[in-house]
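Colleague: Okay, here's the structure, questions in a sec.
The values are calculated or read from the model by the stated rules, or taken from the named source; none is laboratory data. Please read these numbers as outputs of a predicted model, since none were measured by experiment. Cβ placement follows ideal geometry from the backbone for every residue including glycine, while neighbour counts extend to all protein chains displayed. The accessibility values were calculated without ligands, DNA or RNA, using every heavy atom of the protein model including side chains. Shrake-Rupley method; radii C 1.70, N 1.55, O 1.52, S 1.80 Å.
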Amino acid sequence: MTTSYDTIRAVLWEDDKLKLLDQRLLPQQEVYNEYQDSDAVAQAITDMVVRGAPAIGITAAYGVVLAVRKRLAEGGSDIVERLERDFTHLADARPTAVNLAWALERMGKVLFDLPEGADVERAMIAEARAIHEEDIAANQKMGELGAALIEEEGYGILTHCNTGSLATGGYGTALGVIRSAFAHNKISRVYADETRPWLQGARLTAWELVKDAIPVTLLADGAAAHLMKQGRVKWVVVGSDRIAANGDVANKIGTYSAAVAAKYHGVKFMVVAPTSTVDMSLASGDLIPIEQRGADEVLGLGGQRIAAEGAEAWNPAFDVTPAELVDAIVTEKGVVLNPTTEKMAAMMEK
Ligand code: MRU
């Protein structure tokens, strides 16, 4: 971890065990939970102990290691069927982030193509570690590519949700660009939407930036347009959970309204995501499954009810920003300006 402004890791494989920093407890408590069972890993993803598209994929890859270990220890002739059930259980943990399916497919390819007599568990650990390390390397590359797009110096940047070390293998996607731009003295301050209802901005992004000594100012999501009107930010920089073939971007609920407001105010809109987040099988964002989460997240705060008794809640966890509102998609393979299906396909073929 030599990169500047980068000290946090949320997913660890240590002593042949998976350890996850419990993001439900941040910023009050920093607790790593240990996992030895893939069903418990699937539950941790569903419950958002770990969250953020790339981090979910990496965690699921380590979950496969645990499944393989368990099924090999059990033995029996239906081991393949039981492993397939483990894969399905992990895949069903959350629907929107395509990194989950991507990582499972990659692990499955290695597993089911292993030669006779191979050390299966070692091979699975090696692949999961490769997915993890490649994600950090991709983030560092995207950090440089994205920071290079920010020309005017000394302004603030607005971000939404948490896209940092907590949401990835390390360094972050949008927050990686922010880390890199800050290291190059290009930005003065990060404005972070608090990101209702789960408060990833207030609880996680603010924690991460304070920890790495990058100045951060929180704002209510509804204050973002007013911030843009005041000319305090020149770029909105966000991550993604799934990008369709035409460049439509699914990301945390509230991203779409930030993009609409950015267009109106002449503020540029950048999406930073590894190619493991790009789903070329979906022609447009209309086809991306949007996770609906429990009403309690909207009706309460910190486990305490705040809404009037009797009120109901609608809680889509993600929205889709149309490609026409996106100025740049930054991946580790390169930058796509004003994305279209043709430009996305050319980038993915590199
Ligand atoms: O519900 P979450 O917290 O998992 O949602 C996370 C986001 O929407 C992030 O912006 C996205 O995964 C990109 S993170 C690198």
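So that you can scan it fast, the table gives a plain yes or no per residue for (1) outside the structural domain of Ala61 (by TED's automatic domain parsing); (2) surrounded by fewer than 22 Cβ atoms within 10 Å (Cβ to Cβ); (3) more than 12 Å from Ala60 (Cα to Cα); (4) more than 23 Å from the chain's Cα centre (by Cα):
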residue	(1), (2), (3), (4)
Thr88	no, yes, no, no
Asp92	no, yes, no, no
Leu100	no, no, no, no
Phe112	no, yes, yes, yes
Asp119	no, yes, yes, yes
Arg122	no, yes, yes, yes
Arg129	no, yes, no, no
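Okay, residues lined up against (1) under 30 Å from Arg106 (Cβ atoms); (2) out of contact with any helix residue (DSSP H, G or I) (no Cβ under 6 Å at 6 or more places or on another chain); (3) not charged (D, E, K, R):
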site	(1), (2), (3)
Gln292	yes, yes, yes
Ala308	no, yes, yes
Ala313	no, no, yes
Asp319	yes, no, no
Val335	yes, no, yes
Lys343	yes, yes, no
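Colleague: Tell me which of these Thr195 doesn't satisfy, since it passes every other one: (1) surrounded by fewer than 24 Cβ atoms within 10 Å (Cβ to Cβ); (2) of a type outside the set (A, V, I, L, M, F, W, C); (3) not in a helix (DSSP H, G or I).
Modeller: Checking Thr195 against (1) surrounded by fewer than 24 Cβ atoms within 10 Å (Cβ to Cβ); (2) of a type outside the set (A, V, I, L, M, F, W, C); (3) not in a helix (DSSP H, G or I), the one that fails is (1).
Colleague: When region 149-176 is examined, which residues are found to be within 11 Å of the ligand (Cβ to nearest atom) and outside any loop (DSSP other than H, G, I, E, B)?
Modeller: Thr159, Ser165, Leu166, Ala167, Ala174, Leu175, Gly176 - these are the residues of region 149-176 that are within 11 Å of the ligand (Cβ to nearest atom) and outside any loop (DSSP other than H, G, I, E, B).
Colleague: Turning to a different aspect of this structure: Can you name the residue in region 131-147 that is without any contact (Cβ under 8 Å) to a residue 40 or more places away in the chain and surrounded by fewer than 19 Cβ atoms within 10 Å (Cβ to Cβ) and is also farthest from the chain's Cα centre (by Cα) among such residues?
Modeller: Glu144
Colleague: Within region 151-168, track down each residue that is on the phi < 0 side of the Ramachandran plot and either crowded, with 24+ Cβ neighbours inside 10 Å or without any contact (Cβ under 8 Å) to a residue 12 or more places away in the chain (or both).
Modeller: Restricting attention to region 151-168, the residues satisfying the condition of being on the phi < 0 side of the Ramachandran plot are 151-153, 155-160, 162-168.
Glu151, Ile157, Leu158, Thr159, His160, Asn162, Thr163, Gly164, Ser165, Leu166, Ala167, Thr168, listed by residue number.
Colleague: Hey, does region 207-230 have a residue that's under 18 Å from the mean Cα position of the chain (by Cα) and small (Gly, Ala, Ser)? Show your work before the answer.
Modeller: First pass over region 207-230, keeping only residues under 18 Å from the mean Cα position of the chain (by Cα): 207-209.
Right, trim to small (Gly, Ala, Ser) and you get none.
Checked against the condition, which is being under 18 Å from the mean Cα position of the chain (by Cα) and small (Gly, Ala, Ser), region 207-230 yields no hits at all.
Colleague: Which condition number in (1) in contact (Cβ under 8 Å) with a residue 40 or more places away in the chain; (2) open to solvent by 50 Å² or more (accessible area, probe 1.4 Å); (3) among the aliphatic types (A, V, I, L, M) is the one that Ala61 fails?
Modeller: Unmet condition: (2).
Colleague: Would you say Trp207 is more than 12 Å from the ligand (Cβ to nearest atom), within 23 Å of Ile58 (Cα to Cα) and surrounded by fewer than 24 Cβ atoms within 10 Å (Cβ to Cβ)?
Modeller: Working: more than 12 Å from the ligand (Cβ to nearest atom): yes; within 23 Å of Ile58 (Cα to Cα): yes; surrounded by fewer than 24 Cβ atoms within 10 Å (Cβ to Cβ): yes.
Yes, satisfied.
Colleague: Test Thr341 against the stated conditions and say whether it is within 10 Å of Gly247 (Cβ to Cβ) and open to solvent by 50 Å² or more (accessible area, probe 1.4 Å).
Modeller: Details: within 10 Å of Gly247 (Cβ to Cβ): yes; open to solvent by 50 Å² or more (accessible area, probe 1.4 Å): yes.
Against the criterion (within 10 Å of Gly247 (Cβ to Cβ) and open to solvent by 50 Å² or more (accessible area, probe 1.4 Å)), Thr341 qualifies.
Colleague: Considering each residue of region 238-265, count those that are crowded, with 24+ Cβ neighbours inside 10 Å and either over 23 Å from Ser284 (Cβ atoms) or not aliphatic (A, V, I, L, M) (or both), and give that number.
Modeller: Final tally of qualifying residues: 9.
Colleague: Can you tell me which residue is surrounded by the most Cβ atoms within 10 Å (Cβ to Cβ) among those in region 172-192 that are farther than 25 Å from Ser276 by Cα and among the β-branched types (Val, Ile, Thr)?
Modeller: Only one residue tops the list, namely Ile187.
Colleague: For Trp198, work out the one condition from (1) within 11 Å of the ligand (Cβ to nearest atom); (2) touching a Ser or Thr at 6+ places or on another chain (Cβ under 8 Å) it doesn't fulfil.
Modeller: It is condition (2) that Trp198 fails.
Colleague: In addition: How do the pairs read when you match residues in region 261-290 that are more than 22 Å from Thr173 (Cα to Cα) with residues anywhere that are open to solvent by 50 Å² or more (accessible area, probe 1.4 Å), using Cβ under 8 Å and keeping only pairs 6 or more apart or on different chains?
Modeller: Correct list of pairs: His265/Lys229; Ala283/Thr341.
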